[in-house]
Amino acid sequence: MRILVIEDDRDVASFIRNGLAQAGCNVDHADNGKDGLFLATTEAYDALVVDRMLPGVDGLTLIRTLRASKNTTPVLILSALGEVDDRVKGLKAGGDDYLVKPFAFSELLARLEALERRTKSGSDAPPTVLRAADLEMDLLRREVRRNGEAIDLQPREFQLLEFLLRHAGQVVTRTMLLEGVWDYHFDPQTNVIDVHISRLRSKIDRGFERPLLHTVRGVGYRLDG
Amino acid sequence: MRLRTLLHTSVLQLTLVYVALFGVSVLALFYLIYWSTLGYLERQTNETIEVEIRGLLEQYERRGASGLADVIAERVRRDDENRSVYLLADAIGRPLAGNLTYLPPDLLTGQWLDFVKPDGGGASTPVRAGLIRVGPGLRLLVGRDIRELAQIRQLFARASIYGLTLTMALAIAGGVLMAFSARRRLADLNKTTRQIIAGDLSRRAPLRGSGDEHDELAGNINAMLDQIQRLLEGMRHVGDSVAHDLRGPLTRLRNRLETLAAADQPRREDLLECVEQVQHVLDTFNALLRIARVESGAHRSAFAALDLERIVRDVCELYQAAADERQIELVCSVRAPVEVFGDRELLAQALTNLLDNAVKYTPTGGRIVVTLERTEDVARIRVADSGPGVPAADRDRVLQRFTRLDQARSQPGNGLGLALVNAVTTQHHGRLSLADNSPGLAVTIEIPALVRSTPQRVLAAPLTRVASGAPRP
């Protein structure tokens, strides 16, 4: 993945750069809005990480300018402003996701991968069947099968599995799940999501030799692709 | 210095105006009294003189000059009290008849003249007289003794001066007193204010109990000070708590990191634990910031009409799995939509916090009942568990930030959950109450419901009320 990080805080920037480089990404960095906008318009990136408050051109203006010039590179906004209205403003400006500082690097990486995946698959017609290994979800008939065996899921479990399948092979965090499945944007309490996951796990993994749904310690979960 | 400040007070300036107005009114009053008493006497005297002159003129017309002289002589003789003055004089002023020996100078016909008639032996009499021309070369003066009138007038003048002086003295004294009194009361307030500025926030403006506007002002200032003091104490409490609650984890983290730094090969698990501890501190900070932000009212602009039923169902559903796992029965009793004006995220998070507590503290095999109901114009969310409950004495305290009861110390948490619920409820103009669920705790959030007069809801409201017979605080 080729990623542009536009962030004026040197520590945060190097934290992101190092982490992304370790994860095998190719990272460019701009420490102000003007340079960032120049790089974003002249080079091709898989995703942008944009701090909201930047010297020169501020983050939201930068995103609006990009979108106005038909640049659709997915943008992850970083901000110290974490309230719902701030998030809404960021997404309205053309951001694709919003992450509040301070954040765990794993959360950032998970969200970036999700963004990249979303844009890559977005070009085709929406799939009616989602697959991961021998697990299969038919979105039209609302059916789930593993190895041909029907699995009975509650509506919320179905949504949860659908979200995991759409991000198969990636790490999804608890916050991403609360946002994506329940549509609430606060930090989930202690282990609420975990219990839902373990319940889902018992339905899709029990009795099968190879577990599909893994817990990534301190980060979230991953459904094997 | 004192006088100058006094002159600058608006109260004194007003007093001076008041004194001036008072003086003018008193003068007008005196004039009116003068006109209707002394003036009356004076007019009567004048009339008497006029009548007499007319009578004498008649005599002259009938009997000529000598006849008039006789009549005058006769009247002088008959006037025992010597109250009347007559003089008939020729063209050069020589007296022809009457009891006046000379014609007073500067006397013009047709005007009243007051003069003093010497009575001989040093005594004299004030006289008012009128003079007319009665024929060729003849002038007639008729006058009356006005000694009494003069005396009364003198008395009146003296009384007026005394009265006016007294009135003015009283008015000025009253005004000065008023000015000083107002100044003193303001000075009391100013003194209190200065003491507070100097750092003594426990000072309060003195009240007199008179209920006047000064007392009202002092009362309001005191109420404001109480509020400020409460807020300051709240802040200090938060500051102390932040220091206490964050110093612990930060100290542990520091110790752990020091140990790790000394080790040759730090274990990955140890490092991850460090990250978790930092996360805990960050979570606490975020929760604090969120409460502060909610309390500041910043969310109000995003308030919209929303259905509580949806939120209650969502959150119940979110916690169903966790409750099942601990073999706690979670009952979600929602019968009808209830619309309120608020923030979906905040209300959901408040309810999440309540359910989180309920699931955390309810023992295995226990029961949690979440009820949403509407009575009249109040939406009521009630979360009742069968856990250990909260002693009545602690119920106010647990709404404060960082309050963790002893039994809660073994559980994860930061003591901010109910504080956020409280802040969210307050922002929705609602009321949060804790009650005994015997056994357990019943937390009730009451916020104003939006009134919709559709028939369905009119029917729905009483139904839910009948259906939910649970005891309420």
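The values are calculated or read from the model by the stated rules, or taken from the named source; none is laboratory data. All figures in this text were calculated on a predicted structure; none of them were measured in a lab. Here Cβ is always computed from backbone atoms with ideal geometry, including for glycine, and neighbour counts include all displayed protein chains.
A compact table of results
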quantity	calculated
Selection count, region B:341-362, where residues are away from chain A (no Cβ under 14 Å) and part of a strand (DSSP E or B)	1
Every residue from region A:181-225 that is β-branched (Val, Ile, Thr) and surrounded by 19 or more Cβ atoms within 10 Å (Cβ to Cβ)	A:181, A:192, A:193, A:195, A:197, A:204
Residues located in region A:147-180, provided they are buried (at least 20 other Cβ atoms within 10 Å of the Cβ) and within 17 Å of residue B:355 (Cβ to Cβ)	A:174, A:178
All positions within region A:77-106 that are within 14 Å of another protein chain (Cβ to nearest Cβ) and assigned to a loop (DSSP other than H, G, I, E, B)	A:80, A:81, A:82, A:83, A:101, A:102, A:103, A:104
Criterion: out of contact with any Pro (no Cβ under 8 Å at 6 or more places or on another chain) and either within 12 Å of chain A (Cβ to nearest Cβ) or under 30 Å from residue A:102 (Cβ atoms) (or both) - qualifying residue of B:376, B:295	B:295
Meets criteria (in contact (Cβ under 8 Å) with a residue 60 or more places away in the chain and part of a loop (DSSP other than H, G, I, E, B)) for residue B:365	no
Residue tally, condition surrounded by 15 or more Cβ atoms within 10 Å (Cβ to Cβ) and more than 14 Å from residue B:436 (Cα to Cα), over region B:364-396	12
Residue that is nearest to residue B:371 (Cα to Cα) [pool: residues in region B:306-325 that are facing chain A (nearest Cβ under 9 Å) and surrounded by fewer than 17 Cβ atoms within 10 Å (Cβ to Cβ)]	B:317
Residues located in region A:130-165, provided they are closer than 14 Å to residue A:206 by Cα, of a type in the set (A, V, I, L, M, F, W, C) and part of a loop (DSSP other than H, G, I, E, B)	A:153
So residue B:284, is it within 13 Å of chain A (Cβ to nearest Cβ), surrounded by fewer than 22 Cβ atoms within 10 Å (Cβ to Cβ) and within 30 Å of residue B:241 (Cβ to Cβ)	yes
Selected residue (criterion: farthest from the other protein chains (Cβ to nearest Cβ)) from residues of region A:191-212 that are of a type in the set (Gly, Ala, Ser) and farther than 16 Å from residue A:177 by Cβ	A:207
Checklist (1) away from every other protein chain (no Cβ under 14 Å); (2) assigned to a helix (DSSP H, G or I); (3) in contact (Cβ under 8 Å) with a residue 40 or more places away in the chain applied to residue A:172, failing item	(2)
Cβ pairs under 9 Å, 6+ apart, first in region A:134-156 and more than 14 Å from chain B (Cβ to nearest Cβ), second in a loop (DSSP other than H, G, I, E, B) and of a type in the set (Lys, Arg)	A:134/A:210
Residue list for region A:181-225, filter: within 23 Å of residue B:280 (Cβ to Cβ), among the aromatic types (Phe, Trp, Tyr) and out of contact with any strand residue (DSSP E or B) (no Cβ under 7 Å at 6 or more places or on another chain)	A:184, A:186
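Rundown of residues vs (1) in the same structural domain as residue B:435 (by TED's automatic domain parsing); (2) in contact (Cβ under 8 Å) with a residue 12 or more places away in the chain, yes/no style:
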| position | (1), (2) |
| --- | --- |
| B:271 | no, no |
| B:284 | no, yes |
| B:319 | yes, yes |
| B:323 | yes, yes |
| B:326 | yes, yes |
| B:342 | yes, yes |
| B:359 | yes, yes |
| B:377 | yes, yes |
| B:382 | yes, yes |
